[in-house]
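Engineer: Below: one structure in structure tokens.
Values in this text are rule-based calculations from the coordinates and carry no lab data. Here the structure is a predicted model, which is why all the values come from computation and not from measurement. Glycine gets a Cβ as well: all are built from the backbone with ideal geometry, and neighbour counts include every protein chain shown.
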Amino acid sequence: MKYTIVEIKGKQYQVKEGEEMEVEKIEGEKGEKITFEKVLLLVDEKKKQIGNPLVKGAKITAEILDQVKGKKIRVATYKAKSRHRRTIGHRSQLTKIKIGKITASR
């Protein structure tokens with residue numbers, strides 16, 4: 001079982017080869033190939049490589065599947081005794097990606 005911990009847009013994700021996931025918006029078109037070089041941990045069948053802070057020579061290739069919007073989040077504010085109520089909505093811009101090959105130089 002091979003997996004890695006990678007940093008994408010300031011957040012850390014555990015990824016495996018062939019996995020599809022949604023991350024914060026990455027600029028690019030559908031079908032475009034991208035690489036992530038901020039690999040923090042690499043776990044193979046035989047050994048683990050822990051970065052200090054990054055694993056040297058490790059990178060992950062991925063393909064952009066789609067640009068989508070996330071689930072709507074509603075935030076309501078209320079102030080007692082003053083008749084003040086306000087509702088705000090927000091939808092995050094997300095990118096759907098498929099993890100391709102995980103490579104590491106040993």
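Engineer: Is it the case that residue 95 is surrounded by 15 or more Cβ atoms within 10 Å (Cβ to Cβ), closer than 18 Å to residue 13 by Cβ and polar (S, T, N, Q)?
Structural biologist: Judged against the criteria, residue 95 is a match.
Engineer: Here are 98, 72: which of them is charged (D, E, K, R) and touching a residue at least 60 places away in the same chain (Cβ under 8 Å)?
Structural biologist: Being charged (D, E, K, R) and touching a residue at least 60 places away in the same chain (Cβ under 8 Å) holds for just one of 98, 72, which is 98.
Engineer: Okay, next question. Among strands (runs of 3 or more DSSP E) lying entirely in the range 43-87, which contain 2 or more residues that are closer than 18 Å to residue 99 by Cβ? Break it down into steps so the answer makes sense when it comes.
Structural biologist: On the way: elements: 48-50, 59-69, 73-79.
Qualifying strands (runs of 3 or more DSSP E): 59-69.
Engineer: Let me ask something else. So, in the range 23-37, how many residues would count as being assigned to a strand (DSSP E or B) and exposed (fewer than 15 other Cβ atoms within 10 Å of the Cβ)?
Structural biologist: Just the residues of the range 23-37 that are assigned to a strand (DSSP E or B), to begin with: 23-24, 33-36.
Applying the additional criterion that residues be exposed (fewer than 15 other Cβ atoms within 10 Å of the Cβ) yields 24, 33, 35.
The number of residues fulfilling the criteria is 3.
Engineer: Applying the selection to the range 38-65, what residues are surrounded by 13 or more Cβ atoms within 10 Å (Cβ to Cβ) and either without any contact (Cβ under 8 Å) to a residue 40 or more places away in the chain or of a type in the set (S, T, N, Q) (or both)?
Structural biologist: 38, 40, 41, 49, 51, 54, 61, 62, 63, 64, listed by residue number.
Engineer: Output the residues belonging to the range 1-22 that are in a loop (DSSP other than H, G, I, E, B) and charged (D, E, K, R).
Structural biologist: Within the range 1-22, 2, 9, 17, 19 meet the criteria.
Residue by residue, here is whether (1) β-branched (Val, Ile, Thr); (2) in contact with an Asp or Glu (Cβ under 8 Å, 6 or more places away or on another chain) holds:
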{"residue": "14", "(1), (2)": "no, no"}
{"residue": "18", "(1), (2)": "no, no"}
{"residue": "21", "(1), (2)": "no, no"}
{"residue": "38", "(1), (2)": "no, yes"}
{"residue": "49", "(1), (2)": "no, no"}
{"residue": "64", "(1), (2)": "yes, yes"}
{"residue": "68", "(1), (2)": "yes, yes"}
{"residue": "72", "(1), (2)": "no, no"}
